[in-house]
Protein chains: 4
Amino acid sequence: MSPDHPSSPGPSSGRRLRLGMVGGGQGAFIGAVHRIAARLDDRYELVAGALSSDPERARASGAELFLAPDRCYDDFRAMAVAEAARPDGIDAVAIVTPNHLHFPAAKAFLEAGIHVICDKPMVNTAAEAEELAALVRERGLVFVLTHNYSGYPMIRQARAMVEAGMLGRLRVVQVEYAQDWLATAVEESGQKQAAWRTDPARSGIAGCVGDIGTHAFHLAEFVTGLRCTALAADLGTFVPGRRLDDNAHILLRFGSGARGMLWASQVCPGTTNGLRLRVFGEAGGLDWQQEQPNELRFTPLGEPPRTLLRNGPGSLPAASGISRLPAGHPEGYLEGFAQIYRDAADLIDARLDGRQTPAVPLPTVEDGLRGVRFIHAAVESSGRDAAWVDMAGH
Amino acid sequence: MSPDHPSSPGPSSGRRLRLGMVGGGQGAFIGAVHRIAARLDDRYELVAGALSSDPERARASGAELFLAPDRCYDDFRAMAVAEAARPDGIDAVAIVTPNHLHFPAAKAFLEAGIHVICDKPMVNTAAEAEELAALVRERGLVFVLTHNYSGYPMIRQARAMVEAGMLGRLRVVQVEYAQDWLATAVEESGQKQAAWRTDPARSGIAGCVGDIGTHAFHLAEFVTGLRCTALAADLGTFVPGRRLDDNAHILLRFGSGARGMLWASQVCPGTTNGLRLRVFGEAGGLDWQQEQPNELRFTPLGEPPRTLLRNGPGSLPAASGISRLPAGHPEGYLEGFAQIYRDAADLIDARLDGRQTPAVPLPTVEDGLRGVRFIHAAVESSGRDAAWVDMAGH
Amino acid sequence: MSPDHPSSPGPSSGRRLRLGMVGGGQGAFIGAVHRIAARLDDRYELVAGALSSDPERARASGAELFLAPDRCYDDFRAMAVAEAARPDGIDAVAIVTPNHLHFPAAKAFLEAGIHVICDKPMVNTAAEAEELAALVRERGLVFVLTHNYSGYPMIRQARAMVEAGMLGRLRVVQVEYAQDWLATAVEESGQKQAAWRTDPARSGIAGCVGDIGTHAFHLAEFVTGLRCTALAADLGTFVPGRRLDDNAHILLRFGSGARGMLWASQVCPGTTNGLRLRVFGEAGGLDWQQEQPNELRFTPLGEPPRTLLRNGPGSLPAASGISRLPAGHPEGYLEGFAQIYRDAADLIDARLDGRQTPAVPLPTVEDGLRGVRFIHAAVESSGRDAAWVDMAGH
Amino acid sequence: MSPDHPSSPGPSSGRRLRLGMVGGGQGAFIGAVHRIAARLDDRYELVAGALSSDPERARASGAELFLAPDRCYDDFRAMAVAEAARPDGIDAVAIVTPNHLHFPAAKAFLEAGIHVICDKPMVNTAAEAEELAALVRERGLVFVLTHNYSGYPMIRQARAMVEAGMLGRLRVVQVEYAQDWLATAVEESGQKQAAWRTDPARSGIAGCVGDIGTHAFHLAEFVTGLRCTALAADLGTFVPGRRLDDNAHILLRFGSGARGMLWASQVCPGTTNGLRLRVFGEAGGLDWQQEQPNELRFTPLGEPPRTLLRNGPGSLPAASGISRLPAGHPEGYLEGFAQIYRDAADLIDARLDGRQTPAVPLPTVEDGLRGVRFIHAAVESSGRDAAWVDMAGH
């Protein structure tokens, strides 16, 4: 331990938020990640869940998580109503189901006046996204989308550096997200995660583009502050029999004149969770790779490249202020995910107390809408032989 | 998320252990780390603490952590007695004070029949270490030393590979642990962590050798399964006015005929938390670096080097079985630390239930004794101009 | 020196070829590189040159290179005629002028019956390229294009691995070539190299696409053995006042169904000579980066990634057979360039002796034609808003 | 090619030096390296050789290298006398035999008034080293020892940075040189290079320490400018039956108060030619690895780490002035080796012209003496159980 840059995570509000969860029962994966993320900074207590639509599984899953039996629901709509009615009802709900259930679940809890933390991609259509956005505005509720990669300190650092003009006017954005876990038809051999992600009924109109392309797209806009105005996409499906895209090559244009490329793939052997963002401006460049998240390469024009370490020399408050550990003590995926929950807790706390909500750079319902538009534009462009498609039209 | 190797952390015993903490009040650093580590897998609930010997600070610190007022103690001996008497008393205590208090605190809780999780280095003298060891044996209690780096999955992988003979007979062990946070006399400018670590009254006879050299030494023995029989040490103090060593160069000999070098430093600019272990046998080599903990380089003789990823291809159960996330989703320092707590929970659970305790590779009171011997041998050797000193004699 | 894989470069034919050079006088850059490349393996002796069209500079440059005064020409056509007439005339000529002179110079020497080694891009138009190709065929001469990156041993290794089926059927090709030396308008401040490269009169219709995009394109086809059938290009010029493209985003489709992306840029701060090729097939992937050319990452599906070292374990004869040094002793850019010259010497030697020419994977006049088509297709596509353009049509 | 930092290697003196070679006949390894190094910058012409003591092999080897038959000798003493007597006799000789012949060969040529470039380690005893040193002084000849790693531009950069005070007062020197090519008893299976290196009659009293430990030791002194005053060595032999050390662990003390460690090994699987030097001062650190020689990590205290690229931003004249290529175009082992030859040519040129010799940082006969003392001190210390041995005494 080299505690030269100590930092103090943990509760600051004097309360733990009461959290419910929809999805995430036994055998689910991302649900467990959300629970660790919520727990890590001690800002939430999980007290209710519609962990499964199967009553028996819902009960058993809840018991494992120390939920009271009367708060183990098998129907998320019933849960929303019941929890809203309890004096000790949940403050917020985490929605961690397959994609097609995000919309009805989010709607039910928003209508019940409960803050929502929702997995990505948000919903399947722009209409749904806009309906949720309207609900959020009307009810004055917090809605957070778990584009978890935006919770990494060095991504916050990158965003702050761009914002501060350290790169100058931006020119080129290169973003890629490559995996290999769908390199063969694992969906045919009972891999549950693969099955729903490659099934249009549960995943929507896109496969790889929706599952990970949206992360890449969000990260590019999140860090650069630019808005993509048009894209040209060449989607492909390499694994025979697969019903959705598993590889995407996309050209991007941004409002400012910057240009970019986005590559997303789930069929490239030797890539694991290879999300990488490079941003180049007139005055400098940045390079970040998710698999080494504690480092950010900064290359001011005409100077030697610098390796910025999380919470090390050169860290801006945007990064060091949210670090739980000194430099050299690696933080990882869970800590980045937890940051989304910690920031959400700050927002919800403030809302509960009637205080002004702090400015935290969280993915919102508007980002969810951008993601839906991105998916639809990519699919439309690819259907029209990679013609440019206007993002505004989606 | 590429959930091809899902894993399911979380409680398995149907209970959360009741945890107390000694030290770790407001402004302390390592206490917060222990609390996150304990919380991460939901196996513990923090319910009591002697967080500070200052009553006011003890109370305030406890309140922040949601402790009941009557379980905020300002004296660890009183706490041990009181908690042992409560029907809902703590199952285990975490000791996270400066080094000189480890011994009296551990002794108090062991005598009260409470399981102990203790920060390193364990105690200041071999006599103290042996007294604790005897107590642990007599009382049949669990005693875990938080050599947290041994909780990293790829360190467990390395140990399992050596054990399985994948490296053949071992020849050379190179271990280093370099930092730069004490490169200047920060202890003179009020840096609290630096102050106690460079103060013989609180830190013991060694500085750098005790603080991080013990980690390096433990890791080398932990992974190789070898026992160091003799060492020759050249300790130095580079920062003027500093009262303890801040750089250590040590030659190692092992019982098996293997030889090694250990370098520990806290004064080398540009090193951060640079713990690295390389082990070479007749048939292959391993290389692991703490700052990239999800990777392990494996170099079988005459074959291309391989990069093993945590929970990726080539992962043994020792590593994949304790991974919380698929490969490519980085785990970090906190997850490694949490593994110590998770394994300790398995041990304590079994003890509470009267079940046979599982075989978990946790640092024990015996490792604490090895660490104390290592410190004393190094200091003695250095005092005798780097003469070889027998580890058995300490 | 760890001479476990010795190798023996050097002359094998019993002769040194007599080499002439066009371009490359004082102050030129690439000429000096060609000369070292020719000299490295002692297969050539430089004996004549039209190093400059300025007589004084031609003479002075020649004197520095130990050329006899009567073989220092100021006109390449005169040189071709004169050398062809000498009994000790040159066997081969290296053409290292700015692009617009490649065609007339190559034509002059081919017509004089002299073998040609020519810098890239070969010529400006497909018509010129076809005229040269016809000449080469008619005269039975050797024509080698210095796509020097194809001379790196690990690129030869990659090609051999693909050819041997170690990657299975190919899916995705990602190639990029990023630099930053044109990030500002250095052409306006008298940088000679920048001046001609950004001048349509000397560089042709493309800037970055022609200068380095052609290298990337050639490398992708060279390693994969695939032929690009169509591309969609989004070329941009970021530096105000510049007359040619300085950034290119290109989608690629290959005859086999594989798809790719090509990024070339000369305006991205922090990139230096960042040529990188990644190839993914059904069974594995490869990753090579020019700035670390002695390594090739090989990732067989479902196995740990392997780092292949030049001339180390796993090296195929295609790589180890051309290595001058054991693994761990880095070879670089000059050695890769020299390989082109060494292979060319083998070809020319055989031709001079009337032996069958060996099968060496050298870039030929046909590759030069591919490069010209690539440039024209990219410029046309970009002019049509990134519409797909058929490579066959160019 | 990104020719933003062009550089112009090549002859500057208007002459090519006439070079002879002793050793390096067919099948030899290091001889070929010396020849490429001599040829690369066109400053030498190889015109004579005693390439083998076997007359037939000497002639055949010479013919392959285009030597005139009357200048192919089978006896180096005869060659020294004959060449000294010729009007066109050699200016310098390169000695590339096994170690035990360095002394008589160097002596013969020095006595004949011929400049010497000699492979390392220089000779076997301090007496021999002193005899050579005296001869060099008396005759006013150039004597260069090919500690080739000191010819790498980034090593020259490191030395210049230390000299300029950029690291402040030095504290710690960590140097290591690890290989694996002697991990098994290859000397028993006819590997010629292994055979003489493990044979005391040809290699001297040390194996690994002499072969590569001397390189590491020289590099440490070369870069830091410090002089090692004492060492404590633990040499080992891991391969059964081997007659010389194959692994060395050495503690170092320097006159200035700095301390260091040196590790050399030839038996560690997965290391290839792993020479690495780290130097830490009060104000900053440097890290260089031979296998990535174009990079130098510079870590000023309290600032982000910087990666200096050869000939890139931050390059001092000591490095950029000797670069043959722009940054991003890798140079390697041969170019570093060639730098020794280029610098030697500058020295010899000046001596031939009666000009003042330029200040080039070349390893000299004095460094050769240091190397011999290092070997003897290490062997003596190890024989005395790693007692400290004074370097001055050897």
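The values are calculated or read from the model by the stated rules, or taken from the named source; none is laboratory data. Just so it is clear, the model here is predicted, and its values are computed rather than measured. Glycine also receives a Cβ, built like all others from the backbone with ideal geometry; neighbour counts cover every protein chain displayed. Accessible surface areas use protein heavy atoms only, side chains included; no ligands, DNA or RNA. Shrake-Rupley method; radii C 1.70, N 1.55, O 1.52, S 1.80 Å.
Brief remarks on what is shown
- Taking a sphere under 15 Å around the Cβ of D:V162 and counting the other residues whose Cβ falls inside, with K and R at +1 and D and E at -1, yields a net charge of +3.
- Think of each Lys and Arg Cβ as +1 and each Asp and Glu Cβ as -1; about the Cα centre, that makes the dipole of segment D:165-222 roughly 260 debye.
- For C:L19, the solvent-accessible surface with a 1.4 Å probe is about 10 Å², rounded to the nearest 10.
- log10 of Debye I(q)/I(0), alpha-carbon scatterers only, for the protein assembly as shown at 0.05, 0.07 Å⁻¹: -0.43, -0.85
- Computed over segment C:1-142, the range of Cα coordinates on each principal axis works out to 50, 35, 31 Å, biggest value leading.
- Computed about its Cα centre, the charge dipole of segment D:34-109 is approximately 180 debye, with only Lys, Arg, Asp and Glu carrying charge at their Cβ.
- With label points set 7 Å from Cα along Cα→Cβ, the inter-copy distances at A:E366 are 5.7, 6.2, 7.0 nm, sorted shortest first.
- Residue of D:R373, D:R86, D:R243 that the Gaussian network model of chain D assigns the largest fluctuation, springs spanning Cα pairs under 10 Å: D:R86
- When D and A come together, around 700 square angstrom of accessible surface is lost from both chains combined, probe 1.4 Å.
- Share of alpha-carbon pairs per 5 Å distance bin for segment D:165-261, given as whole %: 2, 12, 22, 21, 14, 11, 8, 5, 3, 1, 0
- Distance between the C-alpha centres of segment B:159-196 and segment A:201-228: 41 Å, rounded to the whole angstrom.
- Springs join every pair of Cα atoms under 10 Å in this Gaussian network model of chain B, and among B:I155, B:I90, B:I30 the largest mean-square fluctuation is at B:I30.
- Comparing Cα centroids, segment D:121-137 and segment C:324-339 end up 34 angstrom apart.
- Semi-axis lengths, largest first, of the ellipsoid equivalent to segment B:163-209 are 36, 13, 8 Å, with √(5λ) applied to each eigenvalue of the Cα gyration tensor.
- Here the scattering of segment A:202-250 is modelled by Debye summation over its C-alpha atoms, one equal scatterer each and no solvent; at q = 0.20, 0.26 Å⁻¹ the log10 of I(q)/I(0) is -0.72, -1.02.
- Kirkwood Rh and Cα Rg combined as Rg over Rh, evaluated for segment C:46-94: 0.93
- Across segment D:69-199, counting alpha-carbon atoms alone, Rg and Dmax equal 19.0, 57 Å.
- Other-chain or far-sequence residues with amide H under 5 Å of C:G284's (modelled H): C:L301
- Inter-chain neighbour count for C:302-315: the average number of beta-carbon atoms from partner chains within 10 Å of each residue's beta-carbon is 6.
- Restricting the calculation to Cα atoms, every distinct pair contributes to the Kirkwood radius of segment C:58-134, found to be 13.1 Å.
- Only Cα pairs under 8 Å and 6+ residues apart enter the sum, and on that basis the relative contact order of segment A:266-394 stands at 10 percent.
- Selection from D:L182, D:V116, D:A194 lying farthest towards where the dipole of segment D:115-214 points positive, charges on Cβ: D:V116
- Taking only Cα atoms of segment B:118-164, radius of gyration then Dmax in Å: 14.0, 35
- From helices alone, chain B scores -10000 deg cm²/dmol at 222 nm; the rule is -39500 (n - 2.57) for each run of n ≥ 4 DSSP H residues, then divide by the residue total.
- Averaged over peptide B:174-184, the number of partner chain Cβ atoms lying within 10 Å of each residue's Cβ comes to 5.
- Neighbours of D:H249 by Cβ distance under 11 Å: Lys/Arg scored +1, Asp/Glu scored -1, total -1.
- Computed accessible area, A:K107, all protein chains, 1.4 angstrom probe, square angstrom: 60
- Computed over segment C:305-352, the ratio Rg/Rh where both radii use C-alpha atoms and Rh is Kirkwood: 1.07
- When the GluC sites (Glu not before Pro) in segment D:317-370 are filtered for DSSP coil states and for at most 13 other beta-carbon atoms within 10 Å of their beta-carbon, no site remains.
- Using only side-chain charges placed at the Cβ, +1 for Lys and Arg and -1 for Asp and Glu, the dipole size of chain C relative to its Cα centre rounds to 540 debye.
- Residue-level accessible surface for D:M261, protein heavy atoms, 1.4 Å, Å²: 10
- Kirkwood Rh, angstrom, chain B [1 / mean 1/r, Cα pairs]: 21.5
- Residue by residue along A:332-339, Cβ atoms of other protein chains within 10 Å of the local Cβ number 6 on average.
- All Cα pairs of segment C:350-394, percent lying beyond 15 Å: 58
- Segment D:217-287 - Debye-derived log10 I(q)/I(0), Cα point model, q = 0.14, 0.23 Å⁻¹: -0.52, -1.10
- When all alpha carbon pairs of segment D:224-367 are counted in 10 Å bins from zero, the resulting P(r) reads 9, 26, 34, 24, 7, 0 %.
- Gaussian network model of chain C, springs between alpha carbon atoms under 10 Å - residue of C:A80, C:A183, C:A377 with greatest fluctuation: C:A183
- Dipole orientation for segment D:238-302: of the candidates D:W263, D:V239, D:Q292, D:V239 has the Cα lying most toward the positive pole (charges on Cβ; Lys, Arg +1; Asp, Glu -1).
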